[in-house]
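The values are calculated or read from the model by the stated rules, or taken from the named source; none is laboratory data. Quick caveat, the model's predicted, so the values are computed rather than measured. A quick note on method: Cβ atoms are made from the backbone with ideal geometry, for glycine too, and the neighbour counts reach across all protein chains shown. All accessible areas refer to the heavy atoms of the entire protein, side chains included, with ligands and DNA or RNA removed. Shrake-Rupley method; radii C 1.70, N 1.55, O 1.52, S 1.80 Å.
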Amino acid sequence: MTLTTAGAAAEHHPPRDHPPYRSSRLRHPKRPLVPLRDPEAVELSGPAFGVTDVAALDSDLTRQHPGEPLGERITVRGRVLDRRGRPVRGQLVELWQANASGRYAHQLDRHPAPLDPNFTGCGRCLTDDEGAYSFTTIKPGAYPWRNHTNAWRPAHLHFSIFGTAFAQRLVTQMYFPGDPLFPYDPILRSVSDESARQRLVCAYDHDLSVPEWSLGHRWDIVLDGPSATLFEEGDDH
């Protein structure tokens, strides 16, 4: 399954100020962008990620602590591709998420769901020569977010992709198929095009499921073009 990006279908990109998503009124830019005096200087300090920077356990969020985390163990795999379907190699892919109870291991998360001492909810990996990434983690729970009456966010994973400079970082969210909260989530509904929304939903892939270990999900990330993955200009957590 492919996703939708920022460069591709600009007409489908959510507006910076989306009234149903109340926080966008506080977060979206209200003044013109400030041009850099020396834009080339930004490129000179771009990220340099290599195999020595990313450890083996960084991509397995279930093995980062002494004990077993609670929840449904899942494997999420996919490829990072350009608009022509070519693999994008050596890209740092980050993942962060809530735990199985719908709570982030973050001091600002006041949701009264339990924390899991064996789950921090952060991981990263580098794409290989085929542009592939892979994570083992726990399926996150839904959580309340006080945007409106009885507001709940669907279960989702946050992803970010780095390019060749820090200014090229792209952030998006991956959702799980069949979530009953989709019609009630103004963040997902801010994507006007139905096909673009569907590209943010992963697909269950039984071939990726590991016997007696985890259920498999596939989600490709397309950086630009008509089938690009829709990236965010802000983030809810």
Residues within the stretch 121-145 that are within 15 Å of residue 74 (Cβ to Cβ) and small (Gly, Ala, Ser), tallied
4
Can you tell me which residues in the stretch 135-153 are of a type in the set (Ser, Thr, Tyr) and open to solvent by less than 40 Å² (accessible area, probe 1.4 Å)?
136, 137, 143
Members of the stretch 30-44 that are modelled with pLDDT under 80 and open to solvent by 70 Å² or more (accessible area, probe 1.4 Å)
33, 34, 35, 36, 37, 38, 39, 40, 43, 44
Looking only at the stretch 93-108, count every residue that is under 18 Å from the mean Cα position of the chain (by Cα) and farther than 21 Å from residue 216 by Cβ and tell me the total.
5
Options 77, 63, 89; residue that is open to solvent by 60 Å² or more (accessible area, probe 1.4 Å) and in a strand (DSSP E or B)
77
Go through the residues of the stretch 136-147 one by one and say whether even a single one is over 21 Å from residue 100 (Cβ atoms) and in contact with a strand residue (DSSP E or B) (Cβ under 8 Å, 6 or more places away or on another chain).
no
For the stretch 112-130, name all the residues that are under 14 Å from residue 65 (Cα atoms) and part of a loop (DSSP other than H, G, I, E, B).
115, 116, 117, 118, 119, 120, 121
Can we say residue 61 is without any contact (Cβ under 8 Å) to a residue 60 or more places away in the chain and either more than 18 Å from the chain's Cα centre (by Cα) or under 16 Å from residue 157 (Cα atoms) (or both)?
no
Quick one: residue 126 ticks every box in (1) under 30 Å from residue 222 (Cβ atoms); (2) modelled with pLDDT of 95 or more; (3) surrounded by 15 or more Cβ atoms within 10 Å (Cβ to Cβ) bar one, so which box is it?
(2)
What residue, among those in the stretch 158-173 that are among the aliphatic types (A, V, I, L, M) and farther than 20 Å from residue 24 by Cα, is modelled with the lowest pLDDT?
165
